[in-house]
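Chemist: Just dropping this structure here.
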Protein chains: 2
Amino acid sequence: MSELLVVGKYVPSIDALPKVVGKVKYLPDIKIPGMLYGRVLRSQHAHALIKKVDVEAARKLPGVRAVITAADIPKVLYSVDPSCPDKEILCSSQVKFEGDDVAAVAADTEEIAEQAIKLIRVSYAHRPAVFDPEGSCVETAPLVHEQKGSIILAHEEKDFGSVEKGFAEADFIFEDTFYAARQAHCCLETKGCMVDCADDGAITVWLPTQAPLNVRAQLSRALGIARDKIQIKNTPVGGAFGQKVVMDTNVPIALFLSKHAGRPVKIINSREEEFTASRTGYDMKVCLKTGVTKEGKLLAKQARVIMDNGAYSDQGLAVLRFAGVVFSMFYDCPNVSYHGSLVYTNNEPCTAFRGFGNPQISFASETHLNRIAAELGIDPVEIRLKNANKSGHTIATNAYINTCTIEECLWETARISEWQEKREMYESQDKKARFRRGIGITAMTHTGCSTRASGFLASGALIKISDDGILSVITPLAELGQGGRTAIAQITAEGSGIPLEDVRVINEDTDILPYSPGAFGSRQTFVDGHAALAAALEAKRQLLDGAARMLDCQTEELEIANGRVFKKAKYEETLASTRELAQYINQKFGRSISVSGTYADESAPEGGRTKDFSTYIPVYTFGCQAIEVEVDTETGKVQVLKATSVNDSGRTINPLGAEGQMEGALGQALGYSLTEDYVIENGSVKSDSFTDYKVLRAEDMPEMVIAFVEPHDLGPYGLKGIGESGVVCTSSAAAEAVFQATGVLIKDLPITPEKILSGLRSIANQR
Amino acid sequence: MSELLVVGKYVPSIDALPKVVGKVKYLPDIKIPGMLYGRVLRSQHAHALIKKVDVEAARKLPGVRAVITAADIPKVLYSVDPSCPDKEILCSSQVKFEGDDVAAVAADTEEIAEQAIKLIRVSYAHRPAVFDPEGSCVETAPLVHEQKGSIILAHEEKDFGSVEKGFAEADFIFEDTFYAARQAHCCLETKGCMVDCADDGAITVWLPTQAPLNVRAQLSRALGIARDKIQIKNTPVGGAFGQKVVMDTNVPIALFLSKHAGRPVKIINSREEEFTASRTGYDMKVCLKTGVTKEGKLLAKQARVIMDNGAYSDQGLAVLRFAGVVFSMFYDCPNVSYHGSLVYTNNEPCTAFRGFGNPQISFASETHLNRIAAELGIDPVEIRLKNANKSGHTIATNAYINTCTIEECLWETARISEWQEKREMYESQDKKARFRRGIGITAMTHTGCSTRASGFLASGALIKISDDGILSVITPLAELGQGGRTAIAQITAEGSGIPLEDVRVINEDTDILPYSPGAFGSRQTFVDGHAALAAALEAKRQLLDGAARMLDCQTEELEIANGRVFKKAKYEETLASTRELAQYINQKFGRSISVSGTYADESAPEGGRTKDFSTYIPVYTFGCQAIEVEVDTETGKVQVLKATSVNDSGRTINPLGAEGQMEGALGQALGYSLTEDYVIENGSVKSDSFTDYKVLRAEDMPEMVIAFVEPHDLGPYGLKGIGESGVVCTSSAAAEAVFQATGVLIKDLPITPEKILSGLRSIANQR
């Protein structure tokens, strides 16, 4: 690869202008003739029998075009997890959480739909419910799904080496229990969809989604409709963070409303529904036991994990497993035991969230490691270096770590955050001062390209170059605001030689998108970028052929880059622009350029899918963060002074976008660490608005320093995915910083003022 | 090519069902948020100076969002013909025909827009006008465009051999003058467009068009906007017939209305505007002089042609030239002279019409040839066979006729129409009977794939096969109702082995369409089919590779056809479906299939473009029709009893579609022959409704027999284009049939009852 001209440069998002001026049509902006407004009647009970649903009054309301209950639609059970279909489209005999789907209406206006919903009368008979996945006795707890026979949805047990042996050899053994709470996605755009069922059985779905082709497959499987009858027009996404990987449960409801009304139906969740009925991230209770030498070398570590699944299955097992993979591989430890349970409750169900279990397990294990370091009197950076994974090593899980940048990430974070100076300075600060400061540093590993949990890492791309030299690349990449379209444009521009401003990225409509499972697991720029690059390189080959004929010389003598055709020997002299070249090829030979590219994970096990921890992650990435805080010990309020986030990005395609993504990650992860308090009491979500559920605002953000470590050896132009890595180790670093400032170690998120004040009181009482 | 399973079969149009149930969204059905309704104030004068345009009252009308005149927009002159840009977007100082564009408004509703138009006051000063392209003295006629200095827009002179020498050698010389009138396109969907100008300069145009990419280039050239700033979303087309090749003049008007209003603007022509301001086909006055031997062999033929261009340039020169090409090559005649003039008038401008001049020149030359045959006492079929072109011959124009099927077409038409029996029977009928019958037979040549007038015959195609085995082909083909999408689906299915029901054809949106100039000149299925076939064959190659791995055998042993994978040696045993195979390839290797294909006319002269008659047509096609009529000699009314249409289609891709297209052609051409009377008096169109301009209705249609002659040696699966050939020789055959029935030879179209009665009176007077 010669010098790069587009990749690696600061490029403003190609979508920024239309978004900023309000020209992008999000789902709520899209109106089609005949469109109706749908609303769903959600359960107000966590667990109850449905005795009767009376929809007569709703049906009679003028302007109401369809009212449906379970009696009006096919009885199916579905789930994104094919191993446990457990969700009805509308509840037939029982509701299983507050927010469950009971009935739905479609009407001429939103107001009429809302009014009609209020006219539906449901008689319930309460049933005993289970809310605490751990506190309940598994044998006697009320069943959430009777057909399952147990509230345990899944169990994962992985043991590598012998932790018993490791504990026996250890100088010290540490045990801690942590609780990483649920986090709400808080997308600015709430969930929604529009569905139009044609008379011939064709179904069109307008949907903001992370995975248009996968959601099409999910809908197909759920309803037994052939996939080719379904067209998903993926609309611009106003935030996703994992919430929009799995099919929105509104989709089949809108579909049957549309069938009944004979017209298109749009359902958009209210903000309240977004909190109470639209899925959150999983929480995680983590009990850790670790054996170390007195020098701080890890000999054995054990995790026992319990996750609240909520009422319906989703991605819980995959999250539980992924947390186990990252726990087991990080750090270098010869004996590892990971046991986890996923438990049904009558709480709101959960789904994927940025980081996929890693922020939760990492909060526990990194905070635990800092406690060990503190107890042993070892510096947090030092204990991590001592136990760091190494490139070229095979670890306990039998995974081979081909590139490892944990040491560089640690050094770089320490340098940027002025770790040593700050740490020492705060150690010696006045422990009686009202405002006290602390700094924490923690690290993480993550995947740089999804996992091999659910099939192949694959993608395709189609490219056409118009006769005016404009290149369109059709890519399955889903733009979630993360800048993926811009990255694809850069990779395509770099690969083809067409200048960035002449590249158009087309990524909507399952009828034209080449195959890709979707945007999750930090995979997209990697796999879709690979495919786009393959197509772009073929386009360049054809451009070079044309240029050689145009300039009457050999292909090998020529190069095309950034819109310029030139001789390799005479870089500075532009012989033609790519626009002129495209026009020449078209007019002289009547050819236009239409090419394609594909990518597949050729080194995957047969079938591309595995449960084996040794091959679960195709590309490893590492990162480190330092969080510096000031705590008001009178109010307990934590002010973050500075956040340093250093990540292994492989080659950064667009530093501007990558930095933005890392800054956003810090905002989301600091909110999770400090203020986002998801309160659910007896199955009832109390934090159902932005007044109660406090996300950080721009004014709350600290000074942020983002840096990347770039080992250029993987992916298109050497990239690794960074969609998630920025949220993983923030909470533990924040907890460590608060601990240094106050002496209070918070083991359950979020680190609220109340918990800090309570901790300070305990310390005072002990004195 | 082994046995074909999809190509050549009767296949219902893949678009039929959604069209029949009203689910297809034509432009008038498309509404987007903020959309305004535009109307254009058309001139009521044929030629006048604009003294003043007062738009104040219109601007003040509530609900009016923009009112524009020439003063509000850039001053440009444009035309599809780059050699003579002569049209303003809105007239600045002069109107040049009744219907010319004076001002425009955009308003909240159609009614307000209409009302606003009526409030605009224009003061005109009349100018002398020219309406008759031939009757006017060229030197003294009022100029239509002062900057041109003459009303002669173009002149074409082609001489091959020496007609003087041929006339000198001839036994007889015949001279006739014919007039082939204008024909209105009469699309069920009137012209219209919707334009949205974004703040960042991006322009989106919703447009029913025959040539999305070409229209984009036209708009770009007219306004000096880079093509990549323009996205054309080509909407389903409700009839085109040549009317929608060139950019609708409403497009730049809607564009500036949108710019001024800051909102999307839709303009849809009324039916009256469709007749008076939306362009018609060209008329043609043709003076013929032919020298023959007494045996009927053609020795020399000469045509002098005058065409009324109307007020603005369009495709006139190309039509004039194409008529010359077909005149010169048909039949085999050593000495040919073709001179033609295209004359500006203050009549409504003209544009392309199905057949592109051939129906007009063919009416003249074929009627003339029948008169020669009658005078010499030679049967019309015989005189044609005597002068027929021959495969492998090089003709006077130096064109090499690689395939020629004129003899087969003549024999087949004679056989099906029972030519000999009917002709003799009607010769001997009672010449005094009130109802008298006649049969006429004539022939034609046409292009089977457009011309090399305007650049390369080229196309591209992109194919993706989803993991569920559904194939999407992205093709630049414009569906005009002719069934092109179905033909592409068949070619793609046949080539790839994917069954027809699993093929989706995507052909909208210039941002994704591979290059192709558009749908005209009977070219589409040929060029776009070639490109789709190339992509489909590559897809099949990749499917076969996957199948060989799936079935653990050699690629060469396997075949895929119609959705089945099987061993060549064991045709009947299905080893897998293509759906299973696609799923296997995706799940086993993580690959999806994304491929591309292109087509270019490699045998074209350099640059693909020519004015030379010898290479003008890339693929020749031939045809023949017999028309049998009964004339009521008291009313002059002609009833067509039977129409036989035989055409060389190469290989017919879809007989059902091809027959439908030929039946439609007969309807249009019989209407042109008999009832469609475009009346324009002093520049004022009198036939401005379907009451006055009579197209044939279903009940008017005769028994029709359609047959194809299929020499399988060209194009994808050997096809030739048949979009136009069915309309070419109908009028002359009808004229001949009426002549046999009545003795009246009508030389100016249409053959109305009044003309027949007038002819009958003349004959009676001569007796």
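Chemist: Which is of a type in the set (G, A, S) and assigned to a strand (DSSP E or B), of B:G440, B:G355, B:G455, B:G392? Full working, then the answer.
Modeler: On the way: B:G355 fails: assigned to a strand (DSSP E or B); B:G455 fails: assigned to a strand (DSSP E or B); B:G392 fails: assigned to a strand (DSSP E or B).
Just one listed residue meets the conditions, B:G440.
Chemist: Now a separate question. Taking region B:59-69 on its own, how many of its residues are open to solvent by less than 10 Å² (accessible area, probe 1.4 Å) and basic (K, R)?
Modeler: So the answer is 0.
Chemist: With (1) out of contact with any helix residue (DSSP H, G or I) (no Cβ under 9 Å at 6 or more places or on another chain); (2) among the polar types (S, T, N, Q); (3) more than 8 Å from every other protein chain (Cβ to nearest Cβ) as the list, and A:Q482 as the residue in question, which single condition is left unmet?
Modeler: Condition (1) is where A:Q482 drops out.
Chemist: While we're on this one: Among (1) small (G, A, S); (2) closer than 30 Å to B:G324 by Cα; (3) touching a Leu at 6+ places or on another chain (Cβ under 6 Å), where does B:G660 come up short?
Modeler: Of (1) small (G, A, S); (2) closer than 30 Å to B:G324 by Cα; (3) touching a Leu at 6+ places or on another chain (Cβ under 6 Å), only one is false for B:G660: (3).
Chemist: If you don't mind, another one. Assigned to a loop (DSSP other than H, G, I, E, B) and either open to solvent by less than 20 Å² (accessible area, probe 1.4 Å) or on the phi < 0 side of the Ramachandran plot (or both): does that describe B:S687?
Modeler: Values: assigned to a loop (DSSP other than H, G, I, E, B): yes; either open to solvent by less than 20 Å² (accessible area, probe 1.4 Å) or on the phi < 0 side of the Ramachandran plot (or both): yes.
Yes; evaluated as a whole, the condition is true for this residue.
Chemist: Filter region B:395-428 down to the residues that are surrounded by fewer than 15 Cβ atoms within 10 Å (Cβ to Cβ) and outside any helix (DSSP H, G or I), then identify the one that is modelled with the lowest pLDDT. Working first, answer last.
Modeler: Let us first name the residues in region B:395-428 that are surrounded by fewer than 15 Cβ atoms within 10 Å (Cβ to Cβ), namely B:398, B:400, B:402, B:415, B:420-421, B:424-425, B:427-428.
Still in the list and also outside any helix (DSSP H, G or I): B:398, B:400, B:402, B:428.
Working: B:N398: 95, B:Y400: 93, B:N402: 85, B:S428: 96.
Ranking the qualifying residues of region B:395-428, first place goes to B:N402.
Chemist: Now a separate question. Name the residue that is farthest from the other protein chains (Cβ to nearest Cβ), counting only residues in region A:571-586 that are buried (at least 19 other Cβ atoms within 10 Å of the Cβ) and within 43 Å of the chain's Cα centre (by Cα).
Modeler: That would be A:L581.
Chemist: For the subset of region A:200-213 comprising residues that are open to solvent by 20 Å² or more (accessible area, probe 1.4 Å) and in contact (Cβ under 8 Å) with a residue 12 or more places away in the chain, which member is nearest to A:R697 (Cα to Cα)?
Modeler: Step one: list which residues in region A:200-213 are open to solvent by 20 Å² or more (accessible area, probe 1.4 Å), which gives A:200-202, A:204, A:206.
From what is left, the residues that are in contact (Cβ under 8 Å) with a residue 12 or more places away in the chain are A:201-202, A:204, A:206.
Details: A:G201: 46, A:A202: 43, A:T204: 37, A:W206: 30 Å.
Per the stated criteria, the residue is A:W206.
Chemist: From the list A:E164, A:E146, A:E156, A:E175, which one is within 28 Å of the chain's Cα centre (by Cα) and either on the phi < 0 side of the Ramachandran plot or not polar (S, T, N, Q) (or both)?
Modeler: When all the criteria are applied, what remains is A:E156.
Chemist: Considering B:I474, B:I439, which residue is more than 14 Å from chain A (Cβ to nearest Cβ) and more than 19 Å from the chain's Cα centre (by Cα)?
Modeler: Details: B:I474 fails: more than 14 Å from chain A (Cβ to nearest Cβ).
Among B:I474, B:I439, only B:I439 is more than 14 Å from chain A (Cβ to nearest Cβ) and more than 19 Å from the chain's Cα centre (by Cα).
Chemist: Out of the residues in region A:564-597 that are hydroxyl-bearing (S, T, Y) and closer than 15 Å to A:R541 by Cα, state the one that is modelled with the highest pLDDT. Before the answer, list the steps.
Modeler: Restricting attention to region A:564-597, the residues satisfying the condition of being hydroxyl-bearing (S, T, Y) are A:571, A:574, A:577-578, A:584, A:592, A:594, A:596.
Now restrict to residues that are closer than 15 Å to A:R541 by Cα: A:578, A:592, A:594, A:596.
Values: A:T578: 97, A:S592: 79, A:S594: 90, A:S596: 92.
It comes out as A:T578.
Chemist: Could you say which residue among B:Q218, B:Q210 is within 19 Å of the chain's Cα centre (by Cα) and over 23 Å from B:D29 (Cβ atoms)? Spell out how you get there, then give the answer.
Modeler: Working: B:Q210 fails: over 23 Å from B:D29 (Cβ atoms).
Of the residues listed, the single one that is within 19 Å of the chain's Cα centre (by Cα) and over 23 Å from B:D29 (Cβ atoms) is B:Q218.
Chemist: Further, regarding this structure: Would you say B:V343 is assigned to a strand (DSSP E or B), open to solvent by less than 10 Å² (accessible area, probe 1.4 Å) and more than 30 Å from B:K390 (Cβ to Cβ)? Let's see the steps before the verdict.
Modeler: Details: assigned to a strand (DSSP E or B): yes; open to solvent by less than 10 Å² (accessible area, probe 1.4 Å): yes; more than 30 Å from B:K390 (Cβ to Cβ): yes.
Answer is yes for this residue.
Chemist: Mind checking which residues of region B:551-570 are open to solvent by 60 Å² or more (accessible area, probe 1.4 Å) and in contact with a strand residue (DSSP E or B) (Cβ under 8 Å, 6 or more places away or on another chain)? Even if it seems obvious, please write down each step before you answer.
Modeler: Taking region B:551-570 as the starting set, the residues that turn out to be open to solvent by 60 Å² or more (accessible area, probe 1.4 Å) are B:552, B:554, B:556-557, B:562, B:567-570.
If the condition is that a residue be open to solvent by 60 Å² or more (accessible area, probe 1.4 Å) and in contact with a strand residue (DSSP E or B) (Cβ under 8 Å, 6 or more places away or on another chain), then B:E557, B:K567, B:K568 are the ones that fit.
Chemist: If a residue has to be among the β-branched types (V, I, T) and within 15 Å of A:K158 (Cα to Cα) to count, how many in region A:315-360 make the cut? Even if it seems obvious, please write down each step before you answer.
Modeler: First, the residues of region A:315-360 that are among the β-branched types (V, I, T): A:319, A:325-326, A:336, A:343, A:345, A:351.
Still in the list and also within 15 Å of A:K158 (Cα to Cα): A:319, A:325-326, A:336.
Of the residues in region A:315-360, 4 are among the β-branched types (V, I, T) and within 15 Å of A:K158 (Cα to Cα).
Residues checked against (1) closer than 28 Å to B:T367 by Cβ; (2) open to solvent by 10 Å² or more (accessible area, probe 1.4 Å); (3) at pLDDT below 95:
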{"site": "B:I439", "(1), (2), (3)": "yes, no, no"}
{"site": "B:S450", "(1), (2), (3)": "yes, no, yes"}
{"site": "B:F456", "(1), (2), (3)": "no, yes, yes"}
{"site": "B:P476", "(1), (2), (3)": "no, no, no"}
{"site": "B:R485", "(1), (2), (3)": "no, yes, no"}
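Chemist: Considering only region B:541-549, I want to know if a residue exists there that is farther than 18 Å from B:K588 by Cα and within 14 Å of another protein chain (Cβ to nearest Cβ).
Modeler: no
Chemist: Got at least one residue in region A:200-208 being in a helix (DSSP H, G or I) and more than 19 Å from A:G38 (Cβ to Cβ)? Outline the logic, then answer.
Modeler: Of all residues in region A:200-208, those in a helix (DSSP H, G or I) come to none.
Taking every residue of region A:200-208 in turn, none turns out to be in a helix (DSSP H, G or I) and more than 19 Å from A:G38 (Cβ to Cβ).
Chemist: Here's another thing I want to ask about it. Collect the residues in region A:195-208 that are closer than 19 Å to A:N507 by Cα and within 14 Å of chain B (Cβ to nearest Cβ), keeping them in residue-number order.
Modeler: Hits for region A:195-208 are A:T204, A:W206.
Chemist: Can you tell me which residues in region B:260-307 are over 28 Å from the mean Cα position of the chain (by Cα) and surrounded by fewer than 21 Cβ atoms within 10 Å (Cβ to Cβ)?
Modeler: Kept after step one, since they are over 28 Å from the mean Cα position of the chain (by Cα), are these residues of region B:260-307: B:260-265, B:289-300.
B:H260, B:G262, B:R263, B:K289, B:T293, B:K294, B:E295, B:K297 - these are the residues of region B:260-307 that are over 28 Å from the mean Cα position of the chain (by Cα) and surrounded by fewer than 21 Cβ atoms within 10 Å (Cβ to Cβ).
Chemist: Select from region B:22-58 the residues that are over 28 Å from B:F275 (Cβ atoms) and without any contact (Cβ under 8 Å) to a residue 40 or more places away in the chain and write down the one among them that is most open to solvent (accessible area, probe 1.4 Å).
Modeler: Only one residue tops the list, namely B:E56.
Per-residue answers, yes or no, for (1) within 7 Å of chain A (Cβ to nearest Cβ); (2) buried (at least 19 other Cβ atoms within 10 Å of the Cβ); (3) among the acidic types (D, E); (4) over 30 Å from B:V565 (Cβ atoms):
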residue	(1), (2), (3), (4)
B:K588	yes, no, no, no
B:S594	yes, yes, no, no
B:T598	yes, yes, no, no
B:A604	yes, yes, no, yes
B:G607	yes, no, no, yes
B:I617	no, yes, no, yes
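Chemist: Hey, among the residues in region A:361-389 that are aliphatic (A, V, I, L, M) and not in a helix (DSSP H, G or I), which one's most open to solvent (accessible area, probe 1.4 Å)? Explain how you work it out, then say what you get.
Modeler: Taking region A:361-389 first, the residues aliphatic (A, V, I, L, M) are A:361, A:364, A:369, A:372-374, A:376, A:378, A:381, A:383, A:385, A:388.
Keeping just the survivors that are not in a helix (DSSP H, G or I) gives A:378, A:388.
On the way: A:I378: 22, A:A388: 3 Å².
Ranking the candidates gives A:I378 first.
Chemist: Go through (1) within 13 Å of another protein chain (Cβ to nearest Cβ); (2) open to solvent by 10 Å² or more (accessible area, probe 1.4 Å) one by one and return the number of the condition A:G521 breaks.
Modeler: (1) is the only condition that A:G521 fails.
Chemist: Still on this structure, please answer the following. Taking the conditions exactly as written (surrounded by fewer than 21 Cβ atoms within 10 Å (Cβ to Cβ) and in contact (Cβ under 8 Å) with a residue 24 or more places away in the chain), does B:R216 satisfy them or not?
Modeler: No; evaluated as a whole, the condition is false for this residue.
Chemist: Take region A:501-518 and flag every residue that is more than 9 Å from chain B (Cβ to nearest Cβ) and under 12 Å from A:V473 (Cβ atoms).
Modeler: A:V503, A:V505, A:N507
Chemist: Looking at A:T451, A:T397 in this structure, which one is within 28 Å of the chain's Cα centre (by Cα) and more than 14 Å from every other protein chain (Cβ to nearest Cβ)?
Modeler: Working: A:T451 fails: more than 14 Å from every other protein chain (Cβ to nearest Cβ).
Of the residues listed, the single one that is within 28 Å of the chain's Cα centre (by Cα) and more than 14 Å from every other protein chain (Cβ to nearest Cβ) is A:T397.
Chemist: Can you name every residue in region B:474-512 that is over 20 Å from B:Q231 (Cα atoms) and assigned to a loop (DSSP other than H, G, I, E, B)? Steps first, answer last, please.
Modeler: First, the residues of region B:474-512 that are over 20 Å from B:Q231 (Cα atoms): B:481-504.
Those that are over 20 Å from B:Q231 (Cα atoms) and assigned to a loop (DSSP other than H, G, I, E, B): B:G481, B:Q482, B:G483, B:G497, B:I498, B:P499.
Chemist: Okay, next question. Could you say which residue among A:D100, A:D86, A:D72, A:D81 is under 30 Å from A:V215 (Cα atoms), in contact (Cβ under 8 Å) with a residue 12 or more places away in the chain and in contact with a His (Cβ under 6 Å, 6 or more places away or on another chain)?
Modeler: Details: A:D100 fails: in contact with a His (Cβ under 6 Å, 6 or more places away or on another chain); A:D72 fails: in contact with a His (Cβ under 6 Å, 6 or more places away or on another chain); A:D81 fails: in contact with a His (Cβ under 6 Å, 6 or more places away or on another chain).
Just one listed residue meets the conditions, A:D86.
Chemist: On to the next question. Please determine whether any residue of region A:219-234 is part of a helix (DSSP H, G or I) and open to solvent by less than 10 Å² (accessible area, probe 1.4 Å). Step through it out loud before you land on a result.
Modeler: First, pick out the residues of region A:219-234 that are part of a helix (DSSP H, G or I): A:219-223, A:227-229.
Pick out the ones that are also open to solvent by less than 10 Å² (accessible area, probe 1.4 Å) and you get A:219.
Yes, the conditions are met somewhere in region A:219-234.
The values are calculated or read from the model by the stated rules, or taken from the named source; none is laboratory data. Not measured: the values here are computed from a predicted model. We place every Cβ from the backbone using ideal geometry, glycine too, and count neighbours over all the protein chains shown. Please note that ligands, DNA and RNA were not included when accessible areas were found on the heavy atoms of the full protein model with its side chains. Shrake-Rupley method; radii C 1.70, N 1.55, O 1.52, S 1.80 Å.
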